[in-house]
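**Q** Dumping the structure here so I can ask a few things about it.
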Amino acid sequence: FVQVCTTTPCMLRGSSEILDTVCNHLGGIKPGQTTKDGKFTVIEVECQGACSNAPMMVIGDDFYEDLTSESTTKILDAFAKGQKPKPGPQSSRKTSENAAGMTALTSKVSCRFQRIYHTYADVRSSL
């Protein structure tokens, strides 16, 4: 199955274009239909839990994220050839970090903060 997420975060980041790309690239099929060769069935799905890397789709058990029309076409072509493309973000992101790179927790936490945190945690657990 080619499961294209169309929930609000993905929709805001272009999932309609991704769904159109998938359907058109697979011969003009519609969601819920299967290609003539039986290799692909397209399904429009609700949230798959990768909102920070929207838009995304799931093929088999793998998530393909940060999709564009071009990356979506490359992924589908690879599967059509019997290959398995690299899952995960299709952009330069490594995980689900901000597209601009890390913006928080970029420096080491001070020992003072660690002592305050542990004291707070100890007091709270004793309540």
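Values quoted throughout were computed directly from the atomic coordinates according to the rules given, and no laboratory measurement underlies them. These figures come from a predicted structure and were not determined experimentally. No Cβ is skipped: glycine too gets one built from the backbone with ideal geometry, and neighbour counts run over all protein chains shown.
**Q** Within the range 29-44, list the residues whose amide N lies under 11 Å from a label point set 7 Å along Cα→Cβ of residue 73.
**A** Answer for this model: none.
**Q** For residue 43, enumerate residues with amide H under 5 Å from its amide H, sequence gap 5+ or separate chain, H modeled in the peptide plane.
**A** Correct list: 2, 3, 4, 32.
**Q** Continuing with this model, one more query. Quote the FRET efficiency, to the nearest 0.05, computed for residue 16 versus residue 84 with a Förster distance R0 of 25 Å and r equal to the Cβ-Cβ distance.
**A** Efficiency computed from Cβ-Cβ geometry: 0.40.
**Q** For residue 93 and residue 34 in the same chain, what is the full-extension length gain: residue separation times 0.36 nm, less their Cα-Cα distance, in nm?
**A** Taking 0.36 nm per residue and subtracting the Cα distance, the gain is 18.1 nm.
**Q** By a straight-distance test (C-alpha under 18 Å), which lysines pair with residue 74 as possible cross-link partners, with residues fewer than eight away in the same chain excluded?
**A** Straight-distance partners of residue 74: 39, 84, 86.
**Q** Amide H of residue 88: which non-local residues (sequence gap of 5 or more, or other chain) have their own amide H closer than 5 Å, using H built in the peptide plane?
**A** Amide H neighbours of residue 88: 63, 64, 65.
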